[in-house]
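The values are calculated or read from the model by the stated rules, or taken from the named source; none is laboratory data. Owing to the predicted nature of the structure, the values given are computational and were not obtained by experimental measurement. Quick reminder, even Gly has a Cβ in these numbers, built from the backbone with ideal geometry, and neighbours come from all protein chains shown. Keep in mind that these areas ignore ligands, DNA and RNA; they rest on the heavy atoms of the full protein, side chains included. Shrake-Rupley method; radii C 1.70, N 1.55, O 1.52, S 1.80 Å.
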Amino acid sequence: LVMANKYNSGDSKARSPLSIFIVAGLCFFFFLLGAWQRSGFGKGDRIALEMTKSGANCNILPNLNFETHHGGEAGIIEDSDSTTVTAYMPCDVQYTDYTPCQDQGRAMTFSRENMIYRERHCPPEGDKLRCLIPAPEGYVAPFRWPKSRDYVPFANAPYKSLTVEKAIQNWIQYEGNVFKFPGGGTQFPQGADKYIDQLASVIPIENGTVRTALDTGCGVASWGAYLWSRNVIAMSFAPRDSHEAQVQFALERGIPAVIGVLGSIKMPYPSRAFDMAHCSRCLIPWGSNDGLYMKEVDRVLRPGGYWVLSGPPINWKTNFKSWQRPMEELEEEQRLIEDIARLLCWEKRSEVNEIAVWQKTTDSASCRAKQENSGARFCESSDADDVWYKKMEQCITPSSGADSSEYLKPFPERLHSVPPRIASGSIPGVSTDTFMEDDKLWKKHASAYRKIIKIIDTGRYRNIMDMNAGFGGFAASLESPKSWVMNVVPTIAEENTLGAIYERGLIGIYHDWCEAFSTYPRTYDLIHANRVYTLYKDRCNFEDILLEMDRILRPEGAVVFRDEVDALVKVKRMIGGMRWDSKMMDHEDGPLIPEKILVAVKQYWVVGNST
């Protein structure tokens, strides 16, 4: 078997006539042995079964250290491969918090109209950094959840501006060597829990009907942090702007978030994805441009979903003086919002104090008739999920009755149920049987991962990313209150499955891995890369993808690659110069399966470590 593997990897000695003869003879021997075992004779079946049961233990990595130490290096892996590798040097200290596609200097060269300058603007090929982003001096592993919700080590994100700017709003406080997050916000200075209690009096948050939420202009994401205990997972986003490091703070706290803005480009989420959308004084001009941004929220909000708006202009009659804005301006702003909500068939369920709640209708047919009578313009695109770098349009996305809320089961039942988009045949070439087989397969894969990384379910890995998520089977198999998974569906994937992922009660985003991801450095504890090399090998420089993985992976974080053996041999060679320790192992079904697993651990190092 060793010789066969060397033959597959191109070893010239293993390709000699004698070696080929030996390999062929061995293959024939195992063929006869298998036939003999299947015949029922002898005790070969029992031995094979015992070997299968215990074989996974051979893949446990005693020389890879998955625990955190806050300093020093992870375990070193002995590797007999003497092939020369490229050693990547550390980037300059100025790039410690570098976000390639939201670089502040580059952003200021773009138009400020419709927040274009805050959108993604990635560097051209010649300007890409090909070095390792260093962690700041004193960096330590984040606290484990739920302590991380309330405390972040100062050294990990040493920015105090929000402690001054938002001092009276209870966002964040600086205490010694940590930041403390009391759970307050601009619209909930008494705490997010009490604020959510008010929403729960109108919205069925507790029964699993509302599972996925979108927080636009999230700040430090305290709303999403406190929804977690109610089994609701929020996708939060905010721009990289004067509120320095707000998304970085969110991710350090262990809350799902990305850098993003409602500008001129559609949000990177599928249509009818979220059970609830939220804006708490997010400063988005909802009524302007004929409701362009409300129409984009309508696109991603499922039928029966809720939209929450708190802060200006709600209850303007009482608050216009404290907001220091003219009554007439606020009154007109709310009128425009109300008019657009009616056009979108959103019914207002509540308006109490500064909080208003609307619900999107589930009656698509009568809504469409009403909109047609009003002369509304409908989007002509046949694919409402084709959004990557696509401009927002001044149109209404038609609803589809095939996947309305009545077909969506409450969470957690929906996690392993067939998503309505698949059951209705909305994803070409994907059947119910295809989904069920995939779900079964990833339960098996996840079981193998648990034997390789025994601490995977302990909370050591809070922020997890799946770079090529498929139907979300990896995330579904790891579902736990101790962790969450950012399911990334590549824009070049054969099937657009992100809508189905959301229907499972999971979250995710579209992305092209030829570009940098919309996050800060060191924001993920574990990255899963299933056949990412095979998908992108002819699309762009895979070196850049690996360097991006290094940028977003925390020191002492882990990566699990799953791909064909030839692909992983190339990946292993490339990461040899990236301060990662790695180990290749067989597929859980044995060494004759061409798909292999490569596990890597990023070493701990910070600014100033030159070696």
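Could you please tell me the mean projected area of the C-alpha convex hull for the stretch 413-602, averaged over all directions and given in square nanometres to one decimal?
Hull-based average projected area comes out at 10.2 nm².
I'd like the carbon and sulfur percentage of the solvent accessible area for the stretch 159-374, probe radius 1.4 Å, heavy atoms only, ligands and nucleic acids excluded. Walk me through the numbers before you get to the answer.
On the way: 3750 of 7850 Å².
Within the stretch 159-374, the accessible surface is 48 percent carbon and sulfur.
Can you compute the charge dipole magnitude of the stretch 426-569 about its Cα centre, using +1 on each Lys and Arg Cβ and -1 on each Asp and Glu Cβ, nothing else charged? Give it in debye, rounded to the nearest 20. Walk me through the intermediate numbers first.
Working: 17 positive and 22 negative charges, 160 e Å.
My answer is approximately 760 debye.
Give me the one-decimal nm value for the distance between modelled label points at residue 180 and residue 363, 7 Å along each residue's Cα-to-Cβ direction.
Roughly 5.2 nm, to one decimal.
For the ranges 319-327, 84-92, what's the packing order if you count other beta-carbon atoms within 10 Å of each residue, average per peptide, and put the highest first? Can you show the working numbers first?
Values: 319-327: 12.3, 84-92: 14.1.
Put in order of decreasing packing, that is 84-92, 319-327.
Would you mind getting the Kirkwood hydrodynamic radius of the stretch 159-374 from its Cα pairs, rounded to one decimal in Å?
Working: mean 1/r = 0.0560 Å⁻¹.
Computed over the stretch 159-374, the radius equals 17.9 Å.
How long is the gain from residue 339 to residue 607 if the chain were fully straight, where each residue apart is worth 0.36 nm and the alpha carbon distance is subtracted?
Values: separation 268, 0.36 × 268 = 96.48 nm, distance 5.39 nm.
91.1 nm is the gain from fully extending residue 339 to residue 607.
Would you mind putting 143-154, 434-445 in packing order, based on average other-beta-carbon counts within 10 Å, highest first?
Working: 143-154: 17.8, 434-445: 16.1.
Order by mean packing, descending: 143-154, 434-445.
Cα to Cα, under 20 Å, and not fewer than 8 places away if on the same chain: which lysines meet these conditions relative to residue 572?
6, 537, 583, 596, 602
Determine, for each peptide in 337-349, 498-510, the mean count of other beta carbons within 10 angstrom over its residues, then list the peptides with the highest first.
Values: 337-349: 17.5, 498-510: 26.5.
Order by mean packing, descending: 498-510, 337-349.
What Kirkwood Rh does the stretch 264-338 have if only Cα atoms enter the pairwise 1/r average? Answer in Å. Don't skip to the answer; put the middle values down first.
Details: mean 1/r = 0.0749 Å⁻¹.
The Cα-based Kirkwood calculation yields 13.3 Å.
Applying 1/(1 + (r/R0)^6) with R0 = 35 Å to the Cβ-Cβ distance of residue 454 and residue 160, what FRET efficiency is obtained, to the nearest 0.05? Don't jump to the answer; show the numbers that get you there.
Details: r = 39 Å, r/R0 = 1.11.
That gives a FRET efficiency of 0.35.
How many Lys pairs in the stretch 159-374 lie less than 24 angstrom apart by Cα atoms, where the lysines are 8 or more positions apart or on different chains?
Going through the stretch 159-374 pair by pair, I get 16.
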